[in-house]
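**Q** Before anything else, here's the structure in question.
Rule-based calculations on the coordinates, nothing more; no lab input. No experiment lies behind these values; they were computed from the predicted model shown. Here the Cβ positions follow ideal geometry from the backbone for every residue, glycine too, while neighbour counts run over all protein chains shown.
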């Protein structure tokens, strides 16, 4: 499972970085979203991977670290708000600047 | 536990919410409410500063959960200094905004209060993940403030600012996650303690995370090569927002100082002084590039934005030298450069509204109204910013140079700081002479701004007076800065206050 998770995080990050470096705002927003997915999975894995254990000490012989779950929850909420904001801003830039290029003009 | 510690967070948050709910009220009353909240914040910051000036460290455990399990707010001398600087700058920026900037959009005062909430939270928190949350709060508010009033330039600069900061936030989370994975804690004092006893095998990962954090904070502070977002963003936004943003780069510098002295400070075992090989060279390069940018600028606000980059460079040169005297010099320089940059952006706005279509481009123009008075302000601010004697900029620079004596990089520091000062002087002398001396007699009467001159220049004058006061009372302020630097480098006070029974926790 460790290998699968690392590959997924790596693929998401690589895709996110590639898309964030593109010239159109839509691709950039998608790239930032992929990056935030990657970082959420990464945070989750930082509490070590355990299966089928409750996040409570004492109820069974081992437990899942509950803190990364709380961190991921916060990161998801913040990431969601930021994505909503950047999508609105990209739409506004498209209408104000007349182009969906990140510099507001096509390189022609 | 003293509840005054959390007041600088609750006050702007509540003021922001109340202002949001009271939207039906006339603007004048909302302005009064907003101003009253910031004024109360100034009073509070002064009270807190006087309380911790004796060297005590106040810890406020939220929900009464002791550190490192709960989130703590920590008030030490450095945090109190940052709070006071922020609230003073905010008061005068808001006063200027009440002349009409707040009419350009709907939620200016709400966003302004939430921005202060985020800033104060970032200075007070003792928890790394909480620092991330407060960074997001202050960034989200700053996006709104930056875009306030709209317009083509502002939207384009805003888009760049938002995207680069979102990428920075992602890096921040990667760094926080890695540190938690290796050290098992997010409390900054606890991180410092655990780093000391870390196994050598894990040390590389922890150091990588520390350097990742440095990249994130360098992005906020606009350290080279991550400064490219700053000039367009600061030059295109409205004057009071640009003035308030003078503190935004200092948040990054503050976070770098905490990272350098607390988490990776002298007590971090083999990882101590992790940032030392990077900080000083990058800071010197930032100072040089900032001053070169100021020379190459074609418009006043762009030039001021590059001077902000240069001032971050000067500040981090002092922090990068790392000795007690050098950090104290940086801490003296920090409020001074914040007030000076804020005042300069307000002055630029007064100049712009008198130049009509010429905006702030460096071209000969029809003579402005009140050009003698504005020219006088420009002269004083140029002296303060460039660091000529006898004003506060000179003292900050002198203290930095004196602290650099005997440092291995002494020659570099002297060459870049003094050379940069000369470049800044040339840049400002050129722009001042173009705008004030090469003016021709106007063919028709220029339109003068609506409000009264005294009202217009009051916030600017107050910021200039603060800088002058820093010159007059340089001795007590410098003594406070020295005490702060001693407390930071000692590190033990902070850790002992947060973790009174350290060692007992596993």
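**Q** At what distance in nm do the modelled label points of residue B:298 and residue B:208 sit from each other, each positioned 7 Å from its Cα along Cα→Cβ?
**A** So the label points at residue B:298 and residue B:208 sit 4.4 nm apart.
**Q** Also, I was wondering about something else. Give me the distance in nm between label points sitting 7 Å out from Cα along the Cα-to-Cβ direction at residue A:60 and residue B:273, one decimal.
**A** 5.0 nm
**Q** Give the average, rounded to an integer, of partner chain Cβ atoms located within 10 angstrom of each Cβ in A:96-104.
**A** Details: counts 8, 5, 1, 0, 0, 1, 4, 3, 7.
So the per-residue partner count for this stretch is 3.
**Q** A follow-up question, please. Full-extension gain between residue B:405 and residue B:426, please, as 0.36 nm times their residue separation minus the C-alpha to C-alpha distance. Write down the numbers at each step before the final one.
**A** Numbers: separation 21, 0.36 × 21 = 7.56 nm, distance 2.64 nm.
Full-extension gain reported as 4.9 nm.
**Q** Here is a follow-up. Can you put B:127, B:54, B:202 in order, fewest other beta carbons within 10 Å first?
**A** Ranked by crowding around the Cβ, least crowded first: B:54, B:202, B:127.
**Q** What FRET efficiency, computed as 1/(1 + (r/R0)^6) with R0 = 22 Å and r the Cβ-Cβ distance, is obtained for residue A:1 and residue A:70, rounded to the nearest 0.05?
**A** Values: r = 22 Å, r/R0 = 0.99.
Efficiency, from the Cβ-Cβ distance: 0.50.
**Q** I'd like the orientation of helix B:128-147 relative to chain B: the angle between its Cα long axis and the longest Cα principal axis, in ° from 0 to 90, rounded to 10.
**A** Result, in degrees: 10.
**Q** Which translational diffusion coefficient, to the nearest whole µm²/s, is obtained for chain A from the Stokes-Einstein equation, given a Kirkwood hydrodynamic radius over C-alpha pairs, 20 °C and 1.002 mPa s?
**A** It diffuses with D of about 134 µm²/s by this estimate.
**Q** With N set to the residue count of segment A:51-98, report its C-alpha Rg divided by 2.2 N^0.38 Å to two decimal places.
**A** 2.03
**Q** Using label points projected 7 Å from each Cα along Cα→Cβ, tell me how many nm separate residue B:28 and residue B:453, to one decimal.
**A** 2.6 nm
**Q** Percent of Cα-Cα pairs more than 41 Å apart in chain B, please. Don't jump to the answer; show the numbers that get you there.
**A** On the way: 20215 of 127765 pairs.
Value for chain B (Cα pairs over 41 Å): 16 percent.
**Q** Could you tell me the largest-minus-smallest coordinate of the C-alpha atoms of the protein assembly as shown on each of the three principal axes, in descending order and whole angstroms?
**A** Ordered largest first, the protein assembly as shown gives principal extents of 88, 55, 49 Å.
**Q** In peptide A:30-37, what is the residue-averaged number of other protein chain Cβ atoms found within 10 Å of each Cβ? List each step's numbers first, then the result.
**A** On the way: counts 0, 3, 6, 1, 1, 7, 4, 0.
The mean count of partner-chain Cβ atoms within 10 Å per residue comes to 3.
**Q** Same structure again: Helix B:410-436 versus the longest principal axis of chain B: what is the Cα-based angle in degrees, 0 to 90, to the nearest 10?
**A** 30 degrees
**Q** Here is a follow-up. If you average the sequence gap of Cα pairs under 8 Å that are 6 or more apart and divide by the length of chain B, what percent do you get for the contact order?
**A** 15 percent.
**Q** Hey, what angle do you get for helix B:77-97 against the long axis of chain B, alpha-carbon based, 0 to 90 degrees rounded to 10?
**A** 30 degrees
**Q** Can you work out the PRE-style zone for residue B:61? Point 7 Å along Cα to Cβ, and I want the residues of segment B:1-44 with backbone N under 15 Å.
**A** B:1-3
**Q** Over all residues in A:67-79, what is the mean tally of Cβ atoms on other chains that come within 10 Å of each residue's Cβ? Let's see the in-between values first.
**A** Numbers: counts 6, 3, 0, 1, 7, 2, 0, 6, 10, 0, 2, 9, 5.
Across the residues of A:67-79, the mean count of other-chain Cβ atoms within 10 Å is 4.
**Q** For segment B:333-407, report the convex hull volume of the alpha-carbon atoms normalised per residue, in Å³, without decimals.
**A** 103 Å³
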